[in-house]
Amino acid sequence: KMIKIVDNRSVSDRRKYPRFNVAYVSEVFEKCRLVFTTIINVSKGGAGIYLPKDFSRGSRIDLNISYELCEKPLDQFERINIPVKAEIIWTKKEGSLFRGGLKILYIDKKDLEKLQERLSTLQKKALFESKALNF
C-alpha cells in the first residue's frame, strides 16, 4: 500500500535559497524561439516568471536575467545581463499569461557572483524597508 507524504511547510520554507521580488523584462530562448518574459522573483537557485505562452514542465530554456544598475549621477547606468540555463518546474494560467517557476541548472561562476551581489543588495534593501515600516 502506498502512503502519500504531505509536506505542510510553506513554499518559502521548502526553498533552498531566499527569493526576492523584482520586475525584470527578460528574454527566454527555447528551441530557436525568442519569447519576452517578466521575471517576478529571483534567487540563487531559481526564478518566478510570467510567460506569454505555456511551456511544458521539464522544458529546458535559456534565460537572460537582465537589470540595470544606476549609479550617481542617476543618468549613468549599466545594463547587467546574466545568461542561465533553466528548467520549467511548473506553470499555471493567470489571465492571458502563464506564471511559471524555474530551476537554474547552469550559471557561469562570474555571473553567479554578479547575481549573488545583486541578491545581497536586494536583501539589504528589504531588511532596511522592513525596519523602516516597524519604526
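Each value in this text was obtained by applying a stated rule to the coordinates, not by laboratory testing. These numbers come from a predicted model, not from an experiment. Because the Cβ atoms are built from the backbone with ideal geometry, glycine has one as well, and the counts that use them run over all protein chains shown.
Tabulated values for the structure
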quantity	calculated
Kirkwood hydrodynamic radius of segment 14-108, from inverse mean 1/r over distinct Cα pairs, in Å	13.8
Phi-based couplings in Hz for segment 44-58 (Karplus 6.51, -1.76, 1.60; Gly and Pro marked x)	5, x, x, 7, x, 9, 10, 10, x, 9, 7, 10, 6, 4, x
Distance violations [Cα-Cα > 31 Å] among Lys31/Lys124; Lys16/Lys92; Lys16/Lys53; Lys53/Lys125; Lys31/Lys93	Lys31/Lys124; Lys53/Lys125
Distance between modelled label sites at Asp108 and Gln123, nm, 7 Å Cα→Cβ extension	2.4
Contour minus Cα-Cα distance for Phe29 and Tyr17 (0.36 nm per residue)	1.9 nm
